[in-house]
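Below: one structure, written as structure tokens.
The values are calculated or read from the model by the stated rules, or taken from the named source; none is laboratory data. Every value quoted in this text rests on a predicted model; they were computed, and no experiment measured them. No Cβ is skipped: glycine too gets one built from the backbone with ideal geometry, and neighbour counts run over all protein chains shown. To get the accessible areas, we keep the full protein, side chains included, count just its heavy atoms, and leave off ligands, DNA and RNA. Shrake-Rupley method; radii C 1.70, N 1.55, O 1.52, S 1.80 Å.
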Amino acid sequence: HGAAELDETGTEALPRRTPAPAWLPTAKGEEGDFCLRSSDCAAGLCCARHFWSKICKPVLREGQVCTRHRRKGTHGLEIFQRCQCAEGLACRLQREHGPADASRLHTCQRH
């Protein structure tokens, strides 16, 4: 008596897992909810920086302005991140009717 109960492998049996703490969200985050990663957000949203925290923001649709990153790793430097373009869309330089390179604006466009 007094000895810890052993399981079949001869090690101490672990206590049953307790339910997640109340502060952990059980449902996926909606737009504007705080998050740590995109999997914390509902479908159609991603987790992106907003000032010094991260919130769920909408994935970009066709025609919306997007951010094209020239160098790998620069995404983390922004204080207002945008989500990526939705599936089937790419972030490309917007074609303007006027002088070449008049606008450096990128938008989500079909492949």
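In the set 21, 25, only one residue is farther than 17 Å from residue 109 by Cα, in contact with a helix residue (DSSP H, G or I) (Cβ under 8 Å, 6 or more places away or on another chain) and either modelled with pLDDT under 95 or in a loop (DSSP other than H, G, I, E, B) (or both); that residue is 25.
Checking each residue in segment 78-96 for being within 17 Å of the chain's Cα centre (by Cα) and at positive phi picks out no residue at all. Could you tell me whether residue 11 is out of contact with any helix residue (DSSP H, G or I) (no Cβ under 6 Å at 6 or more places or on another chain), modelled with pLDDT under 70, open to solvent by less than 80 Å² (accessible area, probe 1.4 Å) and not acidic (Asp, Glu)? Taking the combined requirement at face value, the residue satisfies it.
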